[in-house]
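Structure record follows, encoded as structure tokens.
The values are calculated or read from the model by the stated rules, or taken from the named source; none is laboratory data. Being a predicted model, the structure only gives us computed values, none of them experimental. Methodologically, a virtual Cβ is constructed for each residue, glycine included, from the backbone with ideal geometry; neighbour enumeration extends over all protein chains shown. Just the protein is used for accessible areas: all its heavy atoms, side chains included, with ligands, DNA and RNA removed. Shrake-Rupley method; radii C 1.70, N 1.55, O 1.52, S 1.80 Å.
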Amino acid sequence: MGGASINTGTIPSKTLREAVLRSTRSGCTDRLSASNLAQRIEEVASNEVRVFESQFRRNNIDVLIGTASFSGPHTIRVANQEEEYFCHADHILIATGSRPAHNDAIPVDDVSIIDTDAIRRLRTEHHVLTIVGGGVIGIEYACIAAALDIQVTLIERRPRILDFVDQQIVEALSYHMRSQGVTFRLGEEVEEVTKSSEGKVCAKLKSGKQIWSDALLYAVGRQANTDSLNLAACELAADARGRIQVNTNFQTSQPHIYAAGDVIGFPSLSSVAMEQGRVAVCHAFGVQVVSVPELFPYGIYSIPEISFVGKTEEQLTEAGVSYEIGIAHYREIARGQILNDTTGLLKILFHRETRQLLGVHIVGDGATELIHIGQAVIGFEGTIDSLINTVFNYPTLAECYKVAALNGLSRINYSGPRPVKMRTCASLRPSTSKSLPSD
Ligand SMILES: Cc1cc2nc3c(=O)[nH]c(=O)nc-3n(C[C@H](O)[C@H](O)[C@H](O)COP(=O)(O)OP(=O)(O)OC[C@H]3O[C@@H](n4cnc5c(N)ncnc54)[C@H](O)[C@@H]3O)c2cc1C
């Protein structure tokens, strides 16, 4: 139980990241053996599964272990090696998730050419790693590997990484990753991957470059798990990547069959998958539900981490909205200095006239937690004034909101450069008067 979220994706990658960050910050990297990391991942994952099992029991949810497939529009066959069951249901929710997509040119062998499911078999003795795919997962693993002092080359077909993220935030991340030793090969495509007799991996690029490494991680795309579902039995079909189409209630073309999570594609996040499942089930049972997709936050656990909610500058520009920005750099916040995070920044976007908060974009320590303040303010249609008038604990990173709002305010109040006052030498001499200069 637990799917990609607990067993191969979210929880293992975040546990690994946390373990690596803690060890590197405390200077105890010698305890970071592959088996210690794998054990820590196992501990967290099995505890999570236990929590789910107990919640299922408390809520009277039966669990059948086996592979499910449709044997009719209302009937599911569940089979394992010993038994088979048939379940009849009024409503059915397909939440079968996804697995790493593979490519014939990249022969994954689970030893030195691995996909993202093989994270538990990551070996810390690999010193040079090639990552193919500059999406969220590729970036996250590139940062973890770089923190482990592994030399990383990241290959991405597009000219920039994370093109759905605010440009300024991506620039801050790229700067940090480069300073950690990550080499970006952007606008490059892998033609073929081969192994030498000594076990070294060579990625041949279409541009003619060869990139050699101890291991290669293939992190390009996901394939939805629909091939074993026998969708034809309920007159449903999937696209080439296995995805099922749904409407805003998450109903498929068969109104009593719903689908949610990775099986329907973007954004393929645990957080969103849970919400889609909730909306689908509420709809099936006639429960009124309010869900606001525009307010879903995005979290990218790179090092430093990234999070954003609401509109991007690109979206506001395209929509012709008169907006202004406000920026707080972590280095001007006491907590940022304490944490020694000098590259972090929080950027707010707000309407120039109504001063309503429209978007928040953060890169730096704690970004994925901090974002929820902005999410709440946007959700309640708050303005930058509510941030300016709020007292935040000191010293905290949350203070960034107030500093960014003040920065934004100074931008909308800006009315051209201040006139430079010419002073005589005499006026600069220490005054005998006790009164302060008027300016
Ligand atoms: C490396 C990595 C890191 C990630 N990090 C994050 C993150 O930080 N934050 C975040 O929000 N998301 C993250 N994600 C994405 C997240 O893991 C997925 O979006 C989420 O797991 C999707 O949930 P799901 O329920 O749709 O599918 P899954 O979690 O994949 O669950 C589907 C389950 O259905 C089972 N199944 C499939 N077919 C059948 C069948 N025929 N019969 C019976 N059972 C079947 C599968 O075995 C699996 O257990 C990450 C993913 C990866 C790969």
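Which residues, taken from segment 165-191, are in contact (Cβ under 8 Å) with a residue 60 or more places away in the chain and open to solvent by 80 Å² or more (accessible area, probe 1.4 Å)?
Scanning segment 165-191 gives Tyr175, Gln180, Glu191.
Give the residue that is nearest to Ser179 (Cα to Cα), with candidates limited to residues of segment 142-158 that are modelled with pLDDT of 95 or more and either under 17 Å from the mean Cα position of the chain (by Cα) or of a type in the set (Asp, Glu) (or both).
So, considering only residues that are modelled with pLDDT of 95 or more and either under 17 Å from the mean Cα position of the chain (by Cα) or of a type in the set (Asp, Glu) (or both), the one nearest to Ser179 (Cα to Cα) is Cys143.
Is there a residue in segment 20-29 that is open to solvent by less than 40 Å² (accessible area, probe 1.4 Å), within 16 Å of the ligand (Cβ to nearest atom) and under 25 Å from Pro304 (Cβ atoms)?
The answer is yes, given that some residue of segment 20-29 is open to solvent by less than 40 Å² (accessible area, probe 1.4 Å), within 16 Å of the ligand (Cβ to nearest atom) and under 25 Å from Pro304 (Cβ atoms).
I'm trying to understand the selection: among the residues of segment 60-79, which are more than 13 Å from the ligand (Cβ to nearest atom) and either open to solvent by 70 Å² or more (accessible area, probe 1.4 Å) or in contact with a Gly (Cβ under 6 Å, 6 or more places away or on another chain) (or both)?
Initial filter on segment 60-79 (more than 13 Å from the ligand (Cβ to nearest atom)): 60-62, 72-75.
Within segment 60-79, Asn60, Ile61, Asp62 meet the criteria.
Could you tell me whether segment 200-222 includes any residue that is without any contact (Cβ under 8 Å) to a residue 12 or more places away in the chain, within 30 Å of Ala79 (Cβ to Cβ) and outside any loop (DSSP other than H, G, I, E, B)?
Of segment 200-222, the ones without any contact (Cβ under 8 Å) to a residue 12 or more places away in the chain are 202, 208, 210.
Now drop any that are not within 30 Å of Ala79 (Cβ to Cβ), which leaves none.
No, segment 200-222 contains no residue that is without any contact (Cβ under 8 Å) to a residue 12 or more places away in the chain, within 30 Å of Ala79 (Cβ to Cβ) and outside any loop (DSSP other than H, G, I, E, B).
Between residues in segment 254-265 that are within 15 Å of Ala224 (Cβ to Cβ) and residues that are near the ligand (Cβ under 8 Å from one of its atoms) and part of a strand (DSSP E or B), which pairs lie under 8 Å by C-beta distance while being six or more apart or on different chains?
What qualifies is Asp262/Ser98; Asp262/Arg222; Val263/Ser98.
Which of the residues spanning segment 294-341 are more than 16 Å from the ligand (Cβ to nearest atom), among the aromatic types (Phe, Trp, Tyr) and in contact with a Lys or Arg (Cβ under 7 Å, 6 or more places away or on another chain)? Please lay out each step first, then the result.
At the first step, the residues of segment 294-341 found to be more than 16 Å from the ligand (Cβ to nearest atom) are 294, 310-341.
So of that shortlist, the ones also among the aromatic types (Phe, Trp, Tyr) come out as 323, 330.
Across segment 294-341, the qualifying residue is only Tyr323.
Which one of these is at pLDDT below 90, part of a helix (DSSP H, G or I) and under 24 Å from Asp341 (Cα atoms): Ser13, Ser35, Ser23? Give the derivation first.
Working: Ser13 fails: at pLDDT below 90; Ser35 fails: under 24 Å from Asp341 (Cα atoms).
Result of the check over Ser13, Ser35, Ser23: Ser23.
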